[in-house]
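Reading through the structure tokens given below for one structure.
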Amino acid sequence: MSPYALSMLMSSLAVGTIVTLSSHHWFLAWMGLEINTLAIIPLMTKMHHPRATESATKYFLTQATASALILFSTTINAWMTGEWTIMNMTNPTPTVILTLALAIKLGIAPFHLWLPDVLQGLNMLTCLILSTWQKLAPMALMMLTSHQLNTNLLIAMALMSTIIGGWGGLNQTQMRKIMAYSSIAHLGWMILVISFAPSLALLNLLIYLVLTSSMFLMLMTLNSTNTNKLSISWLKTPTLAASMMVTLMALGGLPPTSGFLPKWLILQEMTKQHLEALSALMAMSALLSLFFYIRLSYTISMTSPPNISNSSLTWRKKKNLTYVIPILIIMSATMMPITPTLLLLN
């Protein structure tokens, strides 16, 4: 792809998200979401492969459906209230339609089926953009309207997302599908607490962006797309393989990594809301995700493929590691000690 075309598409992605984040009018927010969708489709199809074309088609159809539902719900709301402002969603019917539309946009269960298939057909850079940057605009709209959304519907979708995100990733060998199910599970934790404490949902989103970005950048550096390639990564770059283990533990939510922080605070908030049974179910569903993260860590550290070469050392390619990956890895592992500061900010 031409550098000029690539820069134009990346600029359009940034503009679409910024328009949605800074808008108070539903039509402007919808327009920003449309710019986002139209800008990422050429990035999906730049590989010129039938699987990439299939992924782009699936993504376009699901996002177009969600955008139509958003426009439909906001039109009904404007007809009933006479206003197009985002903060004024008082009628239950357009509110439920908007919640379902944003769930389709984000890939929250039970509207999650498109996400693993779409990510599997893309390259790692586009997967990174789709798993991180493309979540910002819909999540911002959900946070802005969180005090008016149906709490029971959000709790039901959150529980389904964490269970399906953990269950779906158990039998996967492709890293892109594993990261897709990881995204579904993390989104479940975010929308669980979004009605009670939007600041905790924002904290969870920020930590999710750090962990997912560091994981995809390491996979791009190691050129690992499945667990078989992942098992020889420690022979090529031992330091990066060890860092990937720490990031996987953070994604699973093990202390003292950064991933434990949002889960701990969310469970604490749910207990304050007298939802002890729901907290127990969410904690047990997190064990499903933790299982395949531990399995990946075992694959990286304790397995090696059959070596038919006479040499004892594998050829190590010189990788030009950027400064971004070490910074993200450090953030993935060391944000837990600043918990008191974050609690004061909340």
note = In degrees rounded to 10, the 0-90 angle between helix 26-44 Cα long axis and the longest Cα principal axis of the chain is 20
task = For the stretch 150-345, evaluate the Debye formula with one uniform point scatterer on each Cα (no solvent term) and list log10 I(q)/I(0) at q = 0.14, 0.18 Å⁻¹, rounded to two decimals.
result = -0.78, -1.18
request  = Take each of the peptides 223-233, 196-206, average the number of other beta-carbon atoms within 10 Å over its residues, and list them starting from the highest.
outcome  = 196-206, 223-233
key: Qualifying GluC sites (Glu not before Pro) in the stretch 1-93, DSSP loop, other Cβ atoms within 10 Å at most 15   = Glu83
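Mind giving me the FRET efficiency for Asn226 and Leu125? R0 is 30 Å, r the Cβ-Cβ distance, nearest 0.05 is fine.
It comes to 0.95.
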note = Of every hundred units of 1.4 Å-probe accessible area on the chain, the number belonging to carbon and sulfur atoms, as a percent, is 70
query = Quick one: if you stick a label point 7 Å off each Cα along the C-beta vector at Met336 and Trp167, how many nm between them?
reply = 3.0
message = Distance between the C-alpha centers of the stretch 233-263 and the stretch 83-105? Whole Å please.
response = 37
request  = Please work out how much accessible surface His274 shows to a 1.4 Å probe, ignoring ligands, DNA and RNA, in Å² rounded to 10.
outcome  = 140
inquiry  = Give me the percent relative contact order of the chain, please, defined on Cα pairs under 8 angstrom at least 6 residues apart.
reply    = 15
ask   = Where in the stretch 131-187 are there trypsin sites (Lys or Arg not before Pro) that are in a DSSP coil and have at most 14 other Cβ atoms within 10 angstrom of their Cβ?
value = none
remark   = Along the dipole axis of the chain (charges at Cβ: +1 for Lys and Arg, -1 for Asp and Glu; origin at the Cα centre), the most positive-end residue among Gly107, His24, Gly82 is Gly107
query = Can you list the equivalent-ellipsoid semi-axes of the chain, largest first and in whole Å, using the square root of 5 times each Cα gyration tensor eigenvalue?
reply = 34, 25, 17
task = Could you work out the Rg to Rh ratio of the stretch 1-121, with Rh taken as the Kirkwood radius (inverse of the mean 1/r over all Cα pairs)?
result = 1.03
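The values are calculated or read from the model by the stated rules, or taken from the named source; none is laboratory data. Predicted model only: the values in this text are computed from it and were never measured. Glycine also receives a Cβ, built like all others from the backbone with ideal geometry; neighbour counts cover every protein chain displayed. We work out accessible area using only protein heavy atoms, side chains counted, and drop any ligands, DNA or RNA first. Shrake-Rupley method; radii C 1.70, N 1.55, O 1.52, S 1.80 Å.
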